[in-house]
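Asks: I have a structure here, written as structure tokens, and I will follow up with some questions on it.
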Amino acid sequence: MNDTPGRNKPGSAPSDGQDDVPAIPGPSSPSEPNDSASQWSKDQPPAGRWSPPTTGRDRPPAPGRAWSTPPQRAGGGQGTPVAPKPGVIPLRPLGVGEILDASVATLRRYWRTVLAVTVPVAVVTQVALMFVQRYLSSEAPTLHADATPAEQLEAASAYLRASVTELAPTMLVSVAASVFVSALLTVVVSRAILGRGVTLSEAWREASPRLPQLLLLSLALPLAAGLLAFVAMLPGLLLGGAGGASLAVLGGAAALVAIVSLLIRFSLASPALMLERQGIVPALKRSAKLVSGSWWRIFGITVLTQLLITVFTMVLTIPFTAVAFAVDGVGTGSAFELTWTYLVVMAVGGIISSSLTYPIAAGVTVLLYVDQRIRREALDVELTKAAESPSQN
């Protein structure tokens, strides 16, 4: 696939064939059956069903401008038609900067709805993390200098079990929070593409029917990744000794490469499930088809987004960490104690950073999905029609 700016030849199939490309979601007209398996949502753009144009002449002009009369450049030269931009993105293939800018623009334009989603979720998540750190946090084992290998192994095993006990509830809360935020923000971003706002109640009505499937999808991917890593390391763990340890490390490294590859391959399954009303398995297949031929591009944008979010979180957390240590001396002698004052101050910083980074991460995922469909399936044609439709405004 050619994923350089532009799109494939109009009318070309995105993958195996044209028949399995779902229809562009949108509200059904009275004369059409409501095929919920191929629609974004009950009343969500873009309207109608997608059929690829047969020639370049079939593509609609930008609103208010015919393709036959392109805009004039300064000095009398002719320019190229300008893509319409009814919302946060121009309706054409997007660059990396445009995807990131559109995520920020969605937060800025529709901050009331976005923060109404992210702030409560961030509060619940940080409160749960605070109690876990207070009551379930495990301390690193202390061993004397002449501890035997058996004693070292037993201490490491005990610490690992305690860490799993600590991480399990935190991970469950984090997954549930990410599912809720991802579902509602997917609706918000999909409307923002056409410049249409959505209230919290409207977003909930759109997203709530898909939450159980999205939760199963969100749990299935990390569980499958963990199982793959365990299977890859199992021979080395069973062998034991120095050779077994080396084999386990090699198996773990190979599993890491495979896990990253699969996670990127299925990274667009969530918006496919939400916006096309796909099931779990069809959404995974849909993501694999959209990512095919664009793996490195999507991998690079995903990694860049996560790095920017990490840096932003660290910069925002540093002042709260300094305040927490200044207000409450956490150290008592050589021991490290997580006091309530320290935990509360850190939780406030976590709430602020999470509320602002949740929509960026969700927005990038949805916009990557839309961008791939524009490149592969000329989705911008239907988005342009939906933006011009007075019945949708």
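Asks: What is the gain in length, in nm to one decimal, between Val127 and Thr170 on full extension, counting 0.36 nm per residue of separation less the C-alpha to C-alpha distance?
Replies: The Val127-Thr170 span can extend by a further 14.4 nm.
Asks: When only Cα pairs under 8 Å and 6 or more residues apart are kept, what is the percent relative contact order across the range 186-288?
Replies: 26
Asks: What list of ³J(HN,Hα) values in whole Hz, one per residue of the range 203-213 in order, does the Karplus curve 6.51 cos²θ - 1.76 cosθ + 1.60 (θ = phi - 60°) give from phi, with Gly and Pro shown as x?
Replies: 4, 5, 4, 5, 8, 4, x, 9, 4, x, 5
Asks: Order of Phe131, Phe180, Phe299 from fewest to most other C-beta atoms within 10 Å?
Replies: Going from least to most buried by this count: Phe131, Phe299, Phe180.
Asks: What is the range 186-262 by shape, rounded, prolate or oblate, if you read a ≥ b ≥ c off the alpha carbon gyration tensor as root eigenvalues and call it rounded for a/c under 1.5, prolate for a/b larger than b/c, and oblate otherwise?
Replies: Prolate.
Asks: Can you tell me how much longer the chain between Leu262 and Thr321 gets when fully stretched, taken as 0.36 nm per residue apart minus their C-alpha distance, in nm with one decimal?
Replies: 17.7 nm
Any read-out appearing in this document is the output of simple, stated calculations on the displayed coordinates, not a laboratory observation. Keep in mind that what you see is a predicted model, and the values were worked out from it rather than measured. Methodologically, a virtual Cβ is constructed for each residue, glycine included, from the backbone with ideal geometry; neighbour enumeration extends over all protein chains shown.
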